1. Only one of these conditions is not met by A:SER94: (1) touching a His at 6+ places or on another chain (Cβ under 8 Å); (2) part of a loop (DSSP other than H, G, I, E, B); (3) small (Gly, Ala, Ser). Which number is it?
2. So for the range B:37-53 (the condition being more than 14 Å from chain A (Cβ to nearest Cβ) and assigned to a loop (DSSP other than H, G, I, E, B)), does at least one residue qualify?
3. Which residue out of A:GLY99, A:GLY108 is modelled with pLDDT under 95, surrounded by 13 or more Cβ atoms within 10 Å (Cβ to Cβ) and in contact with a strand residue (DSSP E or B) (Cβ under 6 Å, 6 or more places away or on another chain)?
4. Which of (1) touching a residue at least 24 places away in the same chain (Cβ under 8 Å); (2) farther than 22 Å from B:VAL4 by Cβ is the odd one out, the single condition A:ARG36 does not satisfy?
5. For the range B:27-55, give me each residue that is more than 18 Å from A:VAL43 (Cβ to Cβ) and either acidic (Asp, Glu) or modelled with pLDDT of 95 or more (or both).
6. Test B:THR28 against the criterion of being assigned to a loop (DSSP other than H, G, I, E, B) and closer than 24 Å to A:LYS102 by Cβ, and give yes or no.
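The values are calculated or read from the model by the stated rules, or taken from the named source; none is laboratory data. The model shown is predicted, which means the values in this text are computed figures rather than measured ones. In this analysis, Cβ positions are derived from the backbone assuming ideal geometry, glycine residues included, and neighbour counts consider all displayed protein chains.
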Amino acid sequence: EPEVTQTPSHQVTQMGQEVILRCVPISNHLYFYWYRQILGQKVEFLVSFYNNEISEKSEIFDDQFSVERPDGSNFTLKIRSTKLEDSAMYFCASSVTPGTGKLFFGSGTQLSVL
Amino acid sequence: EDKVVQSPLSLVVHEGDTVTLNCSYEVTNFRSLLWYKQEKKAPTFLFMLTSSGIEKKSGRLSSILDKKELSSILNITATQTGDSAIYLCARRDNNNDMRFGAGTRLTVKP
């Protein structure tokens, strides 16, 4: 079965550094998402992306964050000047259409900011 | 902000028991309600519910939506240890924004 792949699985960075989390959505999917889950807390929506632009973003997704689809396959989340509270599991997801609701999630990138 | 509230937050049962997990939501531009199972890492899709009163079933799992009560339940019959996971409920709105509840951590003991 096709799957969403994320790299790296773990990322450790120093506070203030920039990180880029990478995702390869399922090939025929058109809608892409980033979610995060702080340890022990709920899965939180960050941003949705369609047709090379942001469709929706949450209040969490401030100027520190940006997303990009640099080529036909990758979907990236950049966090500039990381903070301690950015430490979380970041999930990428994709769907064929927005209406199905059936998001396929990647296995996540565990980001640790020291 | 719209909220998705799940109960109980955690549940411990023995194999063979039947469990009912609850999800309630506040509605603004409601489109669908979804259930996911989260084991070690990524949530995996279980059900999507859009219409009230229509039960969706997959093996020992079933779910139903009550739009009048703004709630949904997920039932698992004859539980097995492999059912141990966090069960997430999510509300999707017409803007395709999907918000998750905090989840119910189910532990099934042998």
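1. (2)
2. Keep residues of the range B:37-53 that are more than 14 Å from chain A (Cβ to nearest Cβ), which gives B:52-53.
With assigned to a loop (DSSP other than H, G, I, E, B) added as a condition, the list becomes B:52-53.
Scanning the range B:37-53, I find at least one residue that is more than 14 Å from chain A (Cβ to nearest Cβ) and assigned to a loop (DSSP other than H, G, I, E, B), so the answer is yes.
3. Numbers: A:GLY99 fails: in contact with a strand residue (DSSP E or B) (Cβ under 6 Å, 6 or more places away or on another chain).
Result: A:GLY108 is the single residue among A:GLY99, A:GLY108 that is modelled with pLDDT under 95, surrounded by 13 or more Cβ atoms within 10 Å (Cβ to Cβ) and in contact with a strand residue (DSSP E or B) (Cβ under 6 Å, 6 or more places away or on another chain).
4. (2)
5. Correct list: B:GLU55 only.
6. Numbers: assigned to a loop (DSSP other than H, G, I, E, B): yes; closer than 24 Å to A:LYS102 by Cβ: yes.
Yes.
To keep it simple, each residue is scored yes or no on (1) farther than 29 Å from B:ASN29 by Cα; (2) of a type in the set (A, V, I, L, M); (3) surrounded by 14 or more Cβ atoms within 10 Å (Cβ to Cβ).
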| residue | (1), (2), (3) |
| --- | --- |
| A:TYR50 | no, no, yes |
| A:GLU56 | no, no, yes |
| A:GLU59 | no, no, no |
| A:SER66 | no, no, yes |
| A:PRO70 | yes, no, no |
| A:PHE75 | no, no, yes |
| A:PHE104 | no, no, yes |
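Each row is one residue, and each column tells you yes or no for (1) of a type in the set (Phe, Trp, Tyr); (2) part of a loop (DSSP other than H, G, I, E, B); (3) closer than 26 Å to B:ARG91 by Cβ; (4) within 10 Å of another protein chain (Cβ to nearest Cβ).
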{"site": "A:PHE45", "(1), (2), (3), (4)": "yes, no, yes, yes"}
{"site": "A:PHE49", "(1), (2), (3), (4)": "yes, no, yes, no"}
{"site": "A:ASP71", "(1), (2), (3), (4)": "no, yes, no, no"}
{"site": "A:SER81", "(1), (2), (3), (4)": "no, yes, no, no"}
{"site": "A:SER107", "(1), (2), (3), (4)": "no, yes, yes, yes"}
